[in-house]
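A.B. asks: Supplied in structure tokens, the structure appears directly below.
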């Protein structure tokens, strides 16, 4: 630590046992601090905290005294903070006018940390759009946080799924902001978290691809998602989508954000009394 730098509140006391082993290029950080002290001819410092920050997408990982540690049992840990507390997730759907059948838009996307060889089920989502200036992780008002998520939802849907006449007033929130893990993710600011949205597309946007599977008409499918591994977009009956997500042997299922988005949409439709989702 530089002489004029104050320690943050999460700096670890040297007496606290370390459960994490931290390395850079295979070298323990404690050894690097010792080498730095020798090179600077200064006192050896204990490893008390560190941060790893991505200023392009707005993510910071912090190591130190974990915020969830009780006063009488301190422990070290790593936690994450995203700009505005998280990104936006969007589930698009359309209603067949005669039958009221709901078709849900699904992306097939390469996610090699999820499955190394096959595309997995996904819905449009992305990190909250970063500002051009200002402090990266400053807490902001609820109104600003909501506006940022709204803008992100519009951008992600039009980049990853559908082009055309898409406007902000077409998006509706699906439940409250969520945290992906309240043990290790910081969403303390008012209104912070991952935002979920639904958007009902005009039925006229879709055409048949195969029995019980629709696709966007020519010129409406977004293409920018290719760089993020998105291979294709399909619209399927919501019952079929739920079957795919609930199949314990389906390796393409299991994306947390996709599960939450479609689960929230399903509950919304049930509250609206859609007959194909009711038990009676």
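A.B. asks: Given R₀ = 30 Å, FRET efficiency for residue 208-residue 151 by Cβ-Cβ distance, to 0.05?
C.D. replies: 0.35
A.B. asks: At a threshold of 8 angstrom on Cα-Cα distance, excluding pairs fewer than six apart, so keeping six or more, what relative contact order does the range 67-131 reach in percent?
C.D. replies: Relative contact order, the range 67-131: 33 percent.
A.B. asks: On a 0 to 90° scale, report how tilted helix 256-271 is relative to the longest principal axis of the chain, with both axes built from alpha carbons and the result rounded to the nearest 10.
C.D. replies: Computed tilt is about 40 degrees.
A.B. asks: So, one more: At 7 Å along the Cα-to-beta-carbon direction for both residue 30 and residue 53, put a label point, then send me their distance in nm to one decimal.
C.D. replies: Reported label-point gap for residue 30 and residue 53 is 2.7 nm.
A.B. asks: Turning to a different aspect of this structure: Quick one: length gained pulling residue 80 to residue 39 fully straight, 0.36 nm per residue minus the C-alpha distance?
C.D. replies: 11.6 nm
A.B. asks: Another one. Under a point spin-label approximation (7 Å from Cα along Cα-to-Cβ), what is the residue 16-residue 46 distance to one decimal in nm?
C.D. replies: 1.0 nm
A.B. asks: Another one. Apply the a/c threshold of 1.5 to the C-alpha gyration tensor of the range 81-133 and tell me whether it is rounded, prolate or oblate.
C.D. replies: Oblate shape, in that a/c is at least 1.5 and b/c is the bigger or equal ratio.
A.B. asks: Need the full-extension length gain, residue 73 to residue 168, defined as separation in residues times 0.36 nm minus the C-alpha distance. One decimal, nm.
C.D. replies: 29.5 nm
A.B. asks: Which angle from 0 to 90°, rounded to the nearest 10, does the C-alpha axis of helix 29-40 make with the longest principal axis of the chain?
C.D. replies: With rounding to tens, the tilt is 50 degrees.
A.B. asks: Using the basic label-point model (7 angstrom from Cα toward the beta carbon), what is the residue 227 to residue 143 distance in nanometres?
C.D. replies: In this crude spin-label approximation the distance works out to 3.4 nm.
A.B. asks: Same structure, new question: What is the chain's relative contact order, in percent, from Cα pairs under 8 angstrom and six or more apart in sequence?
C.D. replies: Relative contact order comes out at 20 percent.
A.B. asks: Once you have all Cα-Cα distances for the range 86-277, histogram them in 5 Å bins from zero and send the whole-percent values.
C.D. replies: 1, 7, 16, 20, 21, 17, 10, 5, 2, 1, 0
A.B. asks: Sticking with this structure for a sec: For the range 1-101, just the Cα atoms, rotate onto the principal axes and tell me the three extents in Å, largest first.
C.D. replies: 79, 34, 29
A.B. asks: Evaluate the relative contact order of the range 23-83 (contact order divided by residue number), counting alpha-carbon pairs under 8 angstrom at least 6 apart; express in whole percent.
C.D. replies: That works out to 22 percent.
A.B. asks: Under the 0.36 nm per residue contour assumption, what length would be gained going from the current alpha-carbon distance of residue 182 and residue 200 to full extension?
C.D. replies: Value of the extension gain: 3.4 nm.
A.B. asks: Given the DSSP H assignment, sum -39500 (n - 2.57) over each helix run of at least 4 residues in the chain and divide by its residue total; what's the result at 222 nm in deg cm²/dmol, nearest 500?
C.D. replies: So the calculated ellipticity at 222 nm is -6500 deg cm²/dmol.
A.B. asks: Sticking with this one: So what's the angle, to the nearest 10 degrees on a 0 to 90 scale, between helix 142-160 and the longest Cα principal axis of the chain?
C.D. replies: Result, in degrees: 60.
A.B. asks: With only alpha-carbon atoms in the gyration tensor, what are the semi-axes of the equivalent ellipsoid for the range 169-250, in Å, largest first?
C.D. replies: So the equivalent ellipsoid measures 29, 18, 15 Å along its semi-axes.
Coordinate-derived values only; no laboratory data. All of these numbers come straight from a predicted model, not from anything done at the bench. Glycine also receives a Cβ, built like all others from the backbone with ideal geometry; neighbour counts cover every protein chain displayed.
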